[in-house]
Amino acid sequence: MQTTGAKATSFRRKDLLGLAELSREEIQAILDTAVSFKEISTRSIKKVPTLRGKTVITLFYEPSTRTRTSFEIAAKRLSADTVNLAIAASSAVKGETLIDTAKNLEAMRPDIIIIRHSFSGAPHLLAQRLHCSVVNAGDGLHEHPTQGLLDLLTVWEAKGRLHDLKVAIVGDIAHSRVARSNIHGFRTMGSQVIVAGPQTMLPPYLPDLGVEVSYSLPEAVRGADVIMMLRLQLERQGQMFFPTLREYSRFFGLNQGHLALARPEALVMHPGPLNRGVEIAPEVADGLQSVILQQVTNGVAVRMAVLYLLSGGEQSGAAA
Amino acid sequence: MELLLKGGLVLDPSQDLEERRDLLIIDGRLAALVAPGTLPPEGRQVVDLTGLLVCPGLIDMHTHLREPGQEYKETIATGSQAAAAGGFTAVACMPNTLPVNDSATVTRYILEKAAQAQGVRVYPVAAISQGSEGAILAEYGDQKEAGAVALSDDGKPVANSQLMRRALEYARTFDLPVISHSEDLSLTSNGVMHEGLVSLQLGLKGIPAAAEEVAVFRDIELARLTGARLHIAHVSTAGSVQIIRRAKSQGIKVTAETAPHYFSLTHEAVRGFNTNAKMSPPLRTEADVAAIKAGLADGTLDCIATDHAPHSVLEKEVEFDRAANGVIGLETALGLSLALVQEGILTLAQLITKLSANPARILGVPGGTLQVGAPADITVIDLQRPWIVDVQQFKSKSRNSPFHGRNLTGRAAMTLVDGKILYRDNENFSR
Ligand SMILES: [Zn+2]
């Protein structure tokens, strides 16, 4: 892997809300920091005192055990105190407003609030009003920046670069915050992105984001360095997006045959959880080219880096 | 009591007049319109309007006053004050109150409250269907007798085409115009802003321009079928302008309005998840703005109406998806519209016509003229006055304007209804 010499200090923000607004240098700084944190997770005592005395709150309005757990492990490995709040969407409708909830939490003086919400822009609403840092752990259809960052880290580790790659993202782009963050991330780092799926799942104006659009999975993966399959939300069946799972998997499910069209060392990625046999064949998910579990491992490292950098990156010695 | 307004430049497109004149008002009516200095001041209250423009009172044919039912957002009294401060002498108020104005009782209640407020004229618009639920016709005959001037299910577009046909036919029976909020809700689905690059980037569900255009086309074909008077509310897309232009050229009885936000802002205003830029129909693109301006210039769009839609922080300081649709507009409409004159898109006479005579004609209400004998509903405008929009200064109860902080030139200096001064700007009349 190339080292860029980018310093952690080139990321100085109060909040991490999306990848759209980050520069190449900022993204690189987060990835560099994540690499240095990865080693901690391989120790027998997986803990450093870097964020001792800091309080991190996870505020999840949408259930997501894996993302929340990943953030929590990241915070704990840096010795931060963590509090997890899960708020059922149904109670949020009747109960206090998002702003009231957040202001109450802030009154307890947390350093970072990590929020997952089913509405786009909810983290931005908090970030505008709170003094503490806000991390977007996924907002509506908008962005999931730490997912985008862990995907970038995974590709960087495997390919040694993030520029001049062909990245195919396949599936329900319209409803995917993972796709949006990855489009911004890979474009900013200098790679080419092609998205594919049925037109019902490809919103208009995608070319204006600088991506190529295809309605054919084989066409999209031809010559690709990275194939990223999106999770199909099964409840979309019968909502006019596609007729049946059977037909969807026939035309947009990745199988072994497709891999022959891609570059020989092409990576297969998936943000999880998998619908085996729908968007991805089991033998591909478990195959040699799959980096799906590395993505999960890198999730912790990237989130450690984000929490560390948002805290000001003060105890610089600990990161090394 | 006689009131002499002297020294102003009188602009009255209804009589092709643009000259300095003095106006004499006796018992709330225009008694004389004469060369400056002709009438002696003795025994009369005199107001010097030198340097100011004197026009027929502005009429906003699309206002939401929120009373009855949501008085925390606006009342007939506060809405009336906001209207007067914005230069309006009359407003037509939409029926989506609580309860919906689908009966003469509600219309009479509104008129009674308006009389108590002693403000601008208030013209109730009655619901097309009972409860605006889109199923059963409301009582148009009763409503007309009670004082309703038009019919609309604004905010709750009529989905059933057969009901729309019957509504147009039944409305024609009582010579009432139907004001259509034209929107195909199945295409809007759960969209919250214009479908375009910005919605894609923000991850907000989009409302395609076609959601409006499909419905505008349907309503126009039904107007052709029934011969009824159709008025299309808040036109926001280039396609709608084109459809209306074609319909007018074919002689269909259709008129249309747009709102200042549709020629002053684009969907870019939503960036940052700004809920004050959320309304229905949504802000569109640069190309749509250009088409709206062209539609105003060539007469395809007859009126500028505010779609003043007050909401409190309870509805606006929330997640974008949850935020209510609507922006207030009574106190910014004139300033924003004058920009069209400054840009050379409309003449001043054309603009004033779209803000007074045209809405009066469509609604069949008095106004839009300074003819001797007409009620003295007058708007005095300071065309040169630079000002900065400050929502804290608004008379409206609500603050949901996307124009806060905007620099504008020109605003109402004085507003008179029935010869009574309802509003005067102290900057102009400090003497
Ligand atoms: Zn409407």
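The values are calculated or read from the model by the stated rules, or taken from the named source; none is laboratory data. Nothing here was measured: the structure is a model prediction, and the numbers come from that model. In this analysis, Cβ positions are derived from the backbone assuming ideal geometry, glycine residues included, and neighbour counts consider all displayed protein chains.
With respect to the conditions (1) touching a Leu at 6+ places or on another chain (Cβ under 9 Å); (2) assigned to a loop (DSSP other than H, G, I, E, B), A:P264 lacks only one, and its number is (1).
How about region A:232-258: which of its residues are out of contact with any Leu (no Cβ under 9 Å at 6 or more places or on another chain), assigned to a helix (DSSP H, G or I) and free of Cβ contacts under 8 Å to residues at least 60 places away in the same chain? Those that are out of contact with any Leu (no Cβ under 9 Å at 6 or more places or on another chain), assigned to a helix (DSSP H, G or I) and free of Cβ contacts under 8 Å to residues at least 60 places away in the same chain: A:E235, A:R246, A:E247, A:R250, A:Q256, A:G257. With respect to B:G227, is the statement that it is touching a residue at least 40 places away in the same chain (Cβ under 8 Å) and within 16 Å of the ligand (Cβ to nearest atom) true? Taking the combined requirement at face value, the residue does not satisfy it. When region B:79-106 is filtered for residues that are under 19 Å from B:K397 (Cα atoms) and either small (G, A, S) or over 16 Å from the mean Cα position of the chain (by Cα) (or both), the ones remaining, listed by number, are B:G79, B:S80, B:A82, B:A83, B:A84, B:A85, B:G86, B:G87, B:A90, B:A92, B:T97, B:L98. Residues that are among the β-branched types (V, I, T) and within 21 Å of B:L230 (Cα to Cα) were ranked within region B:302-318; the one that is nearest to the ligand (Cβ to nearest atom) is B:T306.
Just to be sure before I move on: is B:S132 more than 14 Å from every other protein chain (Cβ to nearest Cβ) and within 16 Å of the ligand (Cβ to nearest atom) in the structure I sent? Walk me through how you get there before you give the answer.
Details: more than 14 Å from every other protein chain (Cβ to nearest Cβ): yes; within 16 Å of the ligand (Cβ to nearest atom): yes.
For B:S132, the condition - more than 14 Å from every other protein chain (Cβ to nearest Cβ) and within 16 Å of the ligand (Cβ to nearest atom) - is met.
Evaluated against (1) acidic (D, E); (2) away from the ligand (no atom under 14 Å from the Cβ); (3) more than 14 Å from every other protein chain (Cβ to nearest Cβ), B:D219 falls short on exactly one condition, (2). Mind checking which residues of region A:109-145 are assigned to a helix (DSSP H, G or I) and more than 7 Å from chain B (Cβ to nearest Cβ)? Listed by number, the residues that qualify are A:P123, A:L126, A:A127, A:Q128, A:R129, A:P145.
When the test is whether a residue is under 21 Å from the mean Cα position of the chain (by Cα) and within 14 Å of another protein chain (Cβ to nearest Cβ), B:K316 does not pass it.
Put simply, of B:A35, B:A31 the only residue that is in contact (Cβ under 8 Å) with a residue 60 or more places away in the chain and surrounded by fewer than 21 Cβ atoms within 10 Å (Cβ to Cβ) is B:A31. The strands (runs of 3 or more DSSP E) found entirely in region A:155-231 that carry 1 or more residues being away from every other protein chain (no Cβ under 14 Å) and surrounded by fewer than 21 Cβ atoms within 10 Å (Cβ to Cβ) are A:192-196, A:212-214.
Just one residue in the set B:S180, B:S189 is within 14 Å of chain A (Cβ to nearest Cβ) and not hydrophobic (A, V, I, L, M, F, W, C); that residue is B:S189.
Selection over region A:188-208 of residues that are more than 17 Å from A:K159 (Cβ to Cβ), in contact (Cβ under 8 Å) with a residue 40 or more places away in the chain and not polar (S, T, N, Q) gives a count of 4. Considering only residues in region B:69-128 that are of a type in the set (A, V, I, L, M), over 25 Å from B:Y423 (Cβ atoms) and more than 16 Å from the ligand (Cβ to nearest atom), the one that is nearest to the other protein chains (Cβ to nearest Cβ) turns out to be B:L98. Pairs only if they're at least six apart or on different chains, beta carbon under 6 angstrom, first in region B:230-243 and under 22 Å from B:A167 (Cβ atoms) and away from chain A (no Cβ under 14 Å), second more than 14 Å from the ligand (Cβ to nearest atom) and in a helix (DSSP H, G or I); list them, first residue then second. Close Cβ pairs satisfying both conditions: B:L230/B:A223; B:H231/B:I362; B:S240/B:E213; B:I243/B:F217. If you check B:S152, B:S180, B:S186 for being in the same structural domain as B:R271 (by TED's automatic domain parsing) and over 22 Å from the mean Cα position of the chain (by Cα), only one passes: B:S186. For the condition surrounded by 16 or more Cβ atoms within 10 Å (Cβ to Cβ) and either under 18 Å from B:L11 (Cβ atoms) or more than 18 Å from the chain's Cα centre (by Cα) (or both), what is the one hit in B:P375, B:P386? Unique residue meeting the criteria: B:P375. Within region B:248-305, the set of residues being in a helix (DSSP H, G or I), hydroxyl-bearing (S, T, Y) and closer than 23 Å to B:A324 by Cβ comprises B:Y262, B:S264, B:T275.
In region B:319-338, the qualifying residues are those that are touching a helix residue (DSSP H, G or I) at 6+ places or on another chain (Cβ under 7 Å) and part of a loop (DSSP other than H, G, I, E, B), and the one that is surrounded by the most Cβ atoms within 10 Å (Cβ to Cβ) is B:G329.
Among residues of region B:276-301 being within 22 Å of B:D184 (Cβ to Cβ), crowded, with 21+ Cβ neighbours inside 10 Å and within 14 Å of chain A (Cβ to nearest Cβ), the one that is farthest from the ligand (Cβ to nearest atom) is B:R284.
One residue stands out in region A:83-108 among those that are more than 13 Å from every other protein chain (Cβ to nearest Cβ), surrounded by fewer than 16 Cβ atoms within 10 Å (Cβ to Cβ) and in a helix (DSSP H, G or I): the one that is modelled with the highest pLDDT, namely A:N104.
Against the test of being under 21 Å from the mean Cα position of the chain (by Cα) and of a type in the set (A, V, I, L, M), the options B:A291, B:A287 yield a single qualifying residue, B:A291. I'm trying to understand the selection: among the residues of region B:141-161, which are among the hydrophobic types (A, V, I, L, M, F, W, C) and within 16 Å of the ligand (Cβ to nearest atom)? Of everything in region B:141-161, those that are among the hydrophobic types (A, V, I, L, M, F, W, C) and within 16 Å of the ligand (Cβ to nearest atom) turn out to be B:A150, B:L151, B:V158, B:A159.
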